[in-house]
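Read through the structure below, which is laid out as structure tokens, and then see the notes.
Just so it is clear, none of the values below were taken in a lab; they were calculated from the coordinates. Source: prediction; values computed, not measured. Note: ideal-geometry Cβ built from the backbone for every residue, glycine included; neighbour counts use all protein chains shown.
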């Protein structure tokens, strides 16, 4: 893994950084991962749009600070040096807060902001968004906080409670949930169940880990089928997500989550994508899945398991290095910002 803190790049640990998301755990995770790779400590904020602005499309939402949650807390703080945002509503909040502080902050957005793209210093967008521009950095998949070092440390610590019941190699099964493209309904769960039954053997168990978006009915159905001989997390106690990724032999991830598929490929283990039925054309997801498959990072899941090797993509480090280059132009030679 590339070391982002190379001798030619100044340290930016003294810079203040806000990480603005729209309530999605995956979005805040992406921001945290990039901040860590850049070398700054980020302060997280939930800046979802308040009612009645939620009823309007993005171009019509007011950029006045009072439109967003956390505004009262945010505007009590000194002006930040760096504002990072992820999610469409968070992009609007970032634009609002930058304006409130006389446009002094360096502005980075993850994903397509959909509005005022030229107002951002950098936009980090997945290839499947097909976004072009001088300020755009295209990535394969999503930013995330997982690194080789974190996975190795989690493996050294060993399995968390629950995972320690497994007595053999296992498949980490990461579950997303419904969104506007995928229903994640009973039919999807039944198909996944059949695939997992085919994959599981006496010497290959399952560690099934639902997310906040996973329907409780889906978790209950999988627990009824696999709970006795395998591990199905019930949402209680320590989250086994990192431990499972660090220790698994294979990963299965539902197709609705770009973030979890991206994180799974950080392991270097074979990743299989459980293709859910689309309730409407999911062209961006299709493009992402195709890129992962053609790059040999993942394969569609049909219940069969196979081994292959690949170099884990490290997009977070690559993007962080580009960000550091841009920050160095604003704060050259690691000068204090007061003298920049």
What per residue convex hull volume, in Å³, comes out for the range 54-175 when only alpha-carbon positions are used?
194
Return a whole-number percent for the relative contact order of the chain, with Cα pairs under 8 Å and 6 or more residues apart as the contact set.
18
Of the beta bridges DSSP finds with both residues in the chain, what % are antiparallel, to the nearest 5?
5
For the range 106-221, what does the convex hull of the Cα positions come to per residue, in cubic angstrom?
170
If R₀ is 41 angstrom, what is the calculated FRET efficiency for the pair residue 73 and residue 193, using the beta carbon separation as r and rounding to 0.05?
0.40
Tilt relative to the chain, helix 186-199 - C-alpha long axis, 0 to 90 degrees, to 10
60
Estimated inter-spin distance, residue 115 and residue 152, nm [label 7 Å along Cα→Cβ]
4.5
Note down, for the range 260-331, the three equivalent ellipsoid semi-axes (square root of 5 times each alpha carbon gyration tensor eigenvalue), biggest first, whole angstrom.
30, 17, 8
Give me the Å³ per residue figure for the convex hull around the C-alpha atoms of the range 145-282.
102
Pairing the Cα long axis of helix 315-330 with the longest principal axis of the chain, what angle in degrees results, from 0 to 90 and rounded to the nearest 10?
10
Measuring from the longest principal axis of the C-alpha atoms of the chain, the long axis of helix 25-38 (C-alpha) lies at a number of degrees, nearest 10, equal to 60
Using only the alpha-carbon atoms of the range 205-340, report the extent along each of the three principal axes, biggest first, to the nearest angstrom.
63, 37, 33
Candidates for volume of the Cα convex hull per residue in Å³ are (i) 307; (ii) 181; (iii) 145, and the calculated one carries label (iii)
Convex hull of the range 16-117 built on C-alpha atoms - directionally averaged projected area, nm²
5.8
Quick calc: nm separation of the 7 Å Cα→Cβ label points for residue 326 and residue 54 -> 3.1
